[in-house]
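Have a look at the structure below, then the notes.
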Number of protein chains: 2
Amino acid sequence: MSLDPARMIPMANAIRALSMDAVQKAQSGHPGMPMGMADVATVLWSNYLKYDSAAPHWADRDRFVLSAGHGSMLIYSLLHLSGYAHPTMEEIENFRQLGSPTAGHPENFLLPGVECTTGPLGQGLAMAVGMAMAERHLNAEFGDELVDHRTWVIAGDGCLMEGINHEAIGLAGHLNLSRLVVFWDDNQITIDGSTDLSTSENVRARFEATGWFVNSCDGHDYADIARAIDEALEANRPALIACRTMIGRGAPNKQGTAATHGAPLGAEEVAAAREELNWQSEPFQIPDQVREEWRSAGSRGHEMRSDWGTRLDNSERKAEFERRMAGDLPGGFDLKEFISGLIREPAKVATRKASENALAVINSKLPETVGGSADLTGSNNTKTADQNIFSADDRSGRYVYYGIREFGMSAAMNGMALHGGVIPYGGTFLVFSDYCRPAIRLSALQQARVIYVMTHDSIGLGEDGPTHQPVEHLQSLRVIPNLLVMRPGDAVETAECWEIALQQKKRPSVLALSRQGLAQFRTEAAEENRSARGAYRVKDAEADRRVILIATGSEVGLALECAADLEKRGIGADVVSMPCSELFDEQSPAYRDNILPNVGPEEILRVSIEAGTTFGWERYTMANGLRIGIDSFGTSAPAEDAFEKFGFTSEAIIRKVVAKLEE
Amino acid sequence: MSLDPARMIPMANAIRALSMDAVQKAQSGHPGMPMGMADVATVLWSNYLKYDSAAPHWADRDRFVLSAGHGSMLIYSLLHLSGYAHPTMEEIENFRQLGSPTAGHPENFLLPGVECTTGPLGQGLAMAVGMAMAERHLNAEFGDELVDHRTWVIAGDGCLMEGINHEAIGLAGHLNLSRLVVFWDDNQITIDGSTDLSTSENVRARFEATGWFVNSCDGHDYADIARAIDEALEANRPALIACRTMIGRGAPNKQGTAATHGAPLGAEEVAAAREELNWQSEPFQIPDQVREEWRSAGSRGHEMRSDWGTRLDNSERKAEFERRMAGDLPGGFDLKEFISGLIREPAKVATRKASENALAVINSKLPETVGGSADLTGSNNTKTADQNIFSADDRSGRYVYYGIREFGMSAAMNGMALHGGVIPYGGTFLVFSDYCRPAIRLSALQQARVIYVMTHDSIGLGEDGPTHQPVEHLQSLRVIPNLLVMRPGDAVETAECWEIALQQKKRPSVLALSRQGLAQFRTEAAEENRSARGAYRVKDAEADRRVILIATGSEVGLALECAADLEKRGIGADVVSMPCSELFDEQSPAYRDNILPNVGPEEILRVSIEAGTTFGWERYTMANGLRIGIDSFGTSAPAEDAFEKFGFTSEAIIRKVVAKLEE
């Protein structure tokens, strides 16, 4: 399409008007970014971005990521103007109001066309890296005919100051993700004022140092923007385009200042901007001519999509492609046979090793898995023998050496899962879930099937000491909504937990796995995936039931030891394994009451045993129950010594249980 | 001292021998890094580092940070050899054993000379930035005579791949922290193998882009190392020295490979290394000559320290300097008068604003506070009128524009607190505590008085929506050991919480503050700081007590509304404000029982009200109590609408309470 300013200026101004008017009406929001980047976005969405506004879920569409998510009115304007079914103008008028999909920050689960949830700065860019990885991987698998698209990002100064951008661009540069183009909204303004207040970095040189192609343009000159994009597309490297812009462009008295960043312009300035922009329409009115131009931009991809549909229909791989993009597992996928084998030949293994064994089966049955680790491959046991490396030279590889980039890995996995067609999993130590945490939260919020393989899950890792020993991490992850935290106690539970994690189409999972070997307590065949109940009885009281020991992971074996000893003393003890408290909470009241009968401690004492904080365990032990845990930081010592120091021996636990029973 | 290899090689080999022998004996640990960096460390500790091994706490010593903390045997060797009282040889023989201060990773609270706890990669470097900031700030305050030292860092590839290093070096470059020198152990090896597997970055160019001076050396050539340091010291900029080294240098068959990184070399290779290094001593034996050389290196600073002591004795500012370095508050410091004023003139203010008001007093009374924000100054209300900006040009400034670097800010604050002489506080939104979390954990582990000012503490922030609305954050912070999480409910509690936070010499604090205005419920004078109890009764039941409402922060006012309504219905209700559950848990059983009597819900129903996850509240409500909270992500809407949607109105709560009472 033409870049004639006579056509482009009104198109861009439509974005500016919607943005300033919606923010003004909501009396909250960020007009500066959409007004500053309106011209760049108009060039992109009218001339480059491959999309069809009638088909937001088209698998081969370009992905557009507004990493600077506070500028949400930019993407809402673009979606509306280009003809997406949503947001409607009414929804735009209800910007930031309860129940409207036009949330303060763009939410992927509210609006098709919003590829990911952005707002926590830097993560949009990092997710885009994952999308670009998924695209190249699927391209290697399905060919140019079915997978041949780009990922475009708008990032602000905030995105480029956040540490995660370093990890993301390092990964993108190393993998040479040439289908990735990042527009940097170089407006030299942050919330606190001029960027000079806090940074003196040569951003261009930094990207170049990381293997990126770097280009610049005047972000308000359509031809120059197009030139910069054209050059970027020819570079065959991931590309940064520094767009020199004026924040709040069009607001004559406030543009170029932090005042436009995060507050309504005010009625007076909005009126002045209307004049400045020569925008005569009432708020939320778009002139027919402008609407038509935008609609025609939004349907540019229609024919391409139709051709693509024909190619898909003619493809032998249609069913497989559609299955993978839909995120469905192959019909009949389960791990039953594998689990039967484990039950036939019980073994003492670390659950991280049990996880590797399960993965060997999973990776052979599910071509969509893409594994990796943040430089702990041999410790996380995340790589199986058949996995080749995903690299700049080989896009078909199904294993990623993410480097020492836990957060970048996690965000990239979000992008991969949201792109679709792959199921990402990646490893680090459980204690470093803290580094990943902002991305784990976004996995959960975005309903992304990402599987975090977190090994070395307690003081049981031993000598590395408190910096490496998770204590508060299990509970701190369990508080995140829509996240399954699973801590299997033996090889069978590990396989069951993997099965569960893979089945969650709209929920991420954390697998917390042991470094140390664990005896197998699940030695009897079961019809169902018992871990899917969240908690279940692994041993029934023999003597009169006075105690229920509730344990997770490596402590289930310990609980069984304790129970055996208690029985010898004539104290009947159930042992409940609770690999996933979230799933247990979802069971019927009858099931839960069967496992944890609602009676007082004078009748049945409930005892939790987990080598981590006791905080929160009152939910299952009740306040008057007993909680065996660790409420301080760990210690550097061989695992056995550390466990003994913190009272994780059957003797120490039985002493406490008996004392409590005698209270 | 001389750099003669004949003298230096045995000194460096002593480090190599101790490192490989200690790891071998412990059967766990990381020999590769200490052996690779032994030569660089020897040059630094024998010729440049300003220290006196007889006085590890000398205030004007250089700070040495082993950011690559897994190489802990390097610093243990250096401390031992140079004559520190600890670790003793016996402690080195007990490397990584229970009770020995030679933990798997260096712990500042176990060994003088270990300036900070390292191991979580990248954070050592980022803390060093804070140390260098503190040094310049104190220099501006106390002059060259008392404060004139450097900060030295050894960082590995991991440190430089982690996102935090981007934030740290960006800050250091912008602030031109020329007293900071970073040695990069450029050994081209990570755990997964060659760095080629995961990175293609030009590290040198990246540092240059950020305003650093960059230099290189052969990390095994003493003269070349010294040349590189000399040049760095002349550069007047923060400096990176890329030290080309061979990991595991001296182990003839394994050096240069990942095999030396994180596992014992094995008896055979240790023997081969002894031969290669021509090191004939038995394990844990140091030849007298070598020991002497090292002792003389370790006492190089003795005279300097003695001269410094004379200058301090002669200084008018001696008492103030010593007070500040000891971390003592000025005698008689408290906020009583300020609080009395608040009580005299109650006002409805957001607690973030109340915090600003308290800070105005605090900053005027405590010259040691250094505030800042991660680009949310106006939202966090962290800057008071009298604070100038700490910048490259003005080191006396007491406010830092940290930029959009939450994690970097937090780690820098750790470094400042550990350096001593300043009390750092810094702001961001509570939801972004996730970005800071790895540093918050280290504040707690390191017993560092860092005060996190976390505003916008619930869905009450309104329109910004779920990405910005903390839901799980309060509880997820409360599970971290040795951290005070304080959520004041009005202006008085806010001032009380500030007073508490400042008084914690060995504990960090998080202040969770509201965006929205909160009515003042504390209108009666009190003798004590009531918040210091953690929880206390703000309203006694009038009718027969059937209910205790336990609330925090913005929900205390709501609880009072509910209680008033319940009383009208003849249901007596206490209201307990719980600004800090950790402090409440530390109270005497009698006090706790007075506030929360240990009776069942049929007698007194306990109800928690907090606009966040209900997880963990069973501790205070008991399992059969009632928990009013939010167990999903938030929503984008004006605050009032969001509160209503999630049932945070007195009507909705009373309905639930009454239903529960009638059960």
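The values are calculated or read from the model by the stated rules, or taken from the named source; none is laboratory data. Just so we're clear, the structure is a prediction, and the values are computed from it rather than from any experiment. So basically every Cβ, Gly included, is an ideal-geometry build from the backbone, and we count neighbours across all protein chains shown.
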Note: among A:Gly553, A:Gly489, just one is under 15 Å from A:Leu342 (Cα atoms), modelled with pLDDT of 95 or more and in contact with a Gly (Cβ under 6 Å, 6 or more places away or on another chain), namely A:Gly489
Selection from region B:193-241 of residues touching a helix residue (DSSP H, G or I) at 6+ places or on another chain (Cβ under 7 Å), within 14 Å of chain A (Cβ to nearest Cβ) and among the hydroxyl-bearing types (Ser, Thr, Tyr) yields B:Thr195, B:Ser198, B:Thr199, B:Ser200, B:Thr210
In the set A:Ser443, A:Ser355, A:Ser379, the lone residue that is hydroxyl-bearing (Ser, Thr, Tyr), over 22 Å from A:Gln503 (Cβ atoms) and touching a residue at least 60 places away in the same chain (Cβ under 8 Å) is A:Ser379
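Of A:Ala444, A:Ala412, which residue is of a type in the set (A, V, I, L, M, F, W, C), away from chain B (no Cβ under 12 Å) and either more than 21 Å from A:Ala495 (Cβ to Cβ) or part of a helix (DSSP H, G or I) (or both)? Steps first, please.
Details: A:Ala444 fails: away from chain B (no Cβ under 12 Å).
Exactly one of A:Ala444, A:Ala412 is of a type in the set (A, V, I, L, M, F, W, C), away from chain B (no Cβ under 12 Å) and either more than 21 Å from A:Ala495 (Cβ to Cβ) or part of a helix (DSSP H, G or I) (or both), namely A:Ala412.
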Taking region A:626-650 and keeping only residues that are touching a Leu at 6+ places or on another chain (Cβ under 6 Å) and either away from every other protein chain (no Cβ under 11 Å) or assigned to a loop (DSSP other than H, G, I, E, B) (or both), one is left with A:Phe633, A:Ala637
Would you say A:Ser588 is surrounded by fewer than 21 Cβ atoms within 10 Å (Cβ to Cβ), within 22 Å of B:Ser476 (Cβ to Cβ) and either away from chain B (no Cβ under 13 Å) or not charged (D, E, K, R) (or both)? no
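Taking region B:375-386 as the region of interest, how many residues are assigned to a loop (DSSP other than H, G, I, E, B), more than 8 Å from every other protein chain (Cβ to nearest Cβ) and in contact with a Leu (Cβ under 9 Å, 6 or more places away or on another chain)?
Looking only at that region, the number is 4.
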Next item on the list: May I ask you to verify whether A:Leu511 is assigned to a strand (DSSP E or B), under 29 Å from A:Gln446 (Cβ atoms), within 28 Å of the chain's Cα centre (by Cα) and at pLDDT 95 or above?
Entry: yes
Check your understanding: What about B:Gly69, is it touching a residue at least 24 places away in the same chain (Cβ under 8 Å) and small (Gly, Ala, Ser)?
Key -> yes
Of (1) surrounded by fewer than 16 Cβ atoms within 10 Å (Cβ to Cβ); (2) in a loop (DSSP other than H, G, I, E, B); (3) not β-branched (Val, Ile, Thr), A:Ala564 fails just (2)
Over region A:567-585, the set of residues touching a residue at least 60 places away in the same chain (Cβ under 8 Å) and surrounded by fewer than 16 Cβ atoms within 10 Å (Cβ to Cβ) is A:Arg569
Counting only residues in region A:143-182 that are more than 14 Å from chain B (Cβ to nearest Cβ) and among the acidic types (Asp, Glu), the one farthest from A:Asp393 (Cα to Cα) is identified as A:Glu145
Residues of region B:267-284 being out of contact with any Pro (no Cβ under 9 Å at 6 or more places or on another chain) and within 12 Å of B:Lys254 (Cα to Cα), in sequence order, are B:Glu268
When region B:567-586 is checked residue by residue, the ones that are over 11 Å from B:Ala541 (Cα atoms) and outside any loop (DSSP other than H, G, I, E, B) are B:Lys568, B:Ser577, B:Ser581, B:Glu582, B:Leu583, B:Phe584, B:Asp585
Looking across region B:92-106 at residues that are more than 7 Å from chain A (Cβ to nearest Cβ) and farther than 17 Å from B:Ile154 by Cβ, the single one that is surrounded by the most Cβ atoms within 10 Å (Cβ to Cβ) is B:Thr102
> Got at least one residue in region A:514-529 being of a type in the set (Ser, Thr, Tyr), touching a Gly at 6+ places or on another chain (Cβ under 7 Å) and crowded, with 24+ Cβ neighbours inside 10 Å?
Replying inline: yes
With the first residue restricted to region A:152-171 and required to be of a type in the set (Phe, Trp, Tyr), and the second required to be not in a helix (DSSP H, G or I), Cβ contacts under 6 Å at 6 or more apart or on different chains are A:Trp152/A:Phe64; A:Trp152/A:Val181
Restricted to region B:119-166 and to residues being polar (S, T, N, Q) and within 27 Å of B:Ile225 (Cα to Cα), the residue surrounded by the fewest Cβ atoms within 10 Å (Cβ to Cβ) is B:Thr151
Open item on the list: Just to be sure before I move on: is B:Val657 in a helix (DSSP H, G or I) and touching a strand residue (DSSP E or B) at 6+ places or on another chain (Cβ under 8 Å) in the structure I sent?
Closed with: yes
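The rows are residues; the columns are (1) surrounded by 14 or more Cβ atoms within 10 Å (Cβ to Cβ); (2) under 23 Å from the mean Cα position of the chain (by Cα).
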residue: B:Gly327; (1), (2): yes, yes
residue: B:Gly331; (1), (2): no, no
residue: B:Leu342; (1), (2): yes, no
residue: B:Thr351; (1), (2): yes, no
residue: B:Asn363; (1), (2): yes, yes
residue: B:Thr369; (1), (2): yes, yes
residue: B:Ala385; (1), (2): no, no
residue: B:Arg395; (1), (2): yes, yes
residue: B:Arg405; (1), (2): yes, yes
The one condition B:Arg291 fails out of (1) surrounded by 16 or more Cβ atoms within 10 Å (Cβ to Cβ); (2) under 30 Å from B:Ala501 (Cα atoms); (3) not small (Gly, Ala, Ser) is (2)
When every residue in region A:467-504 that is of a type in the set (D, E, K, R) and either under 26 Å from B:Ile630 (Cα atoms) or within 14 Å of another protein chain (Cβ to nearest Cβ) (or both) is compared, the one surrounded by the most Cβ atoms within 10 Å (Cβ to Cβ) is A:Arg487
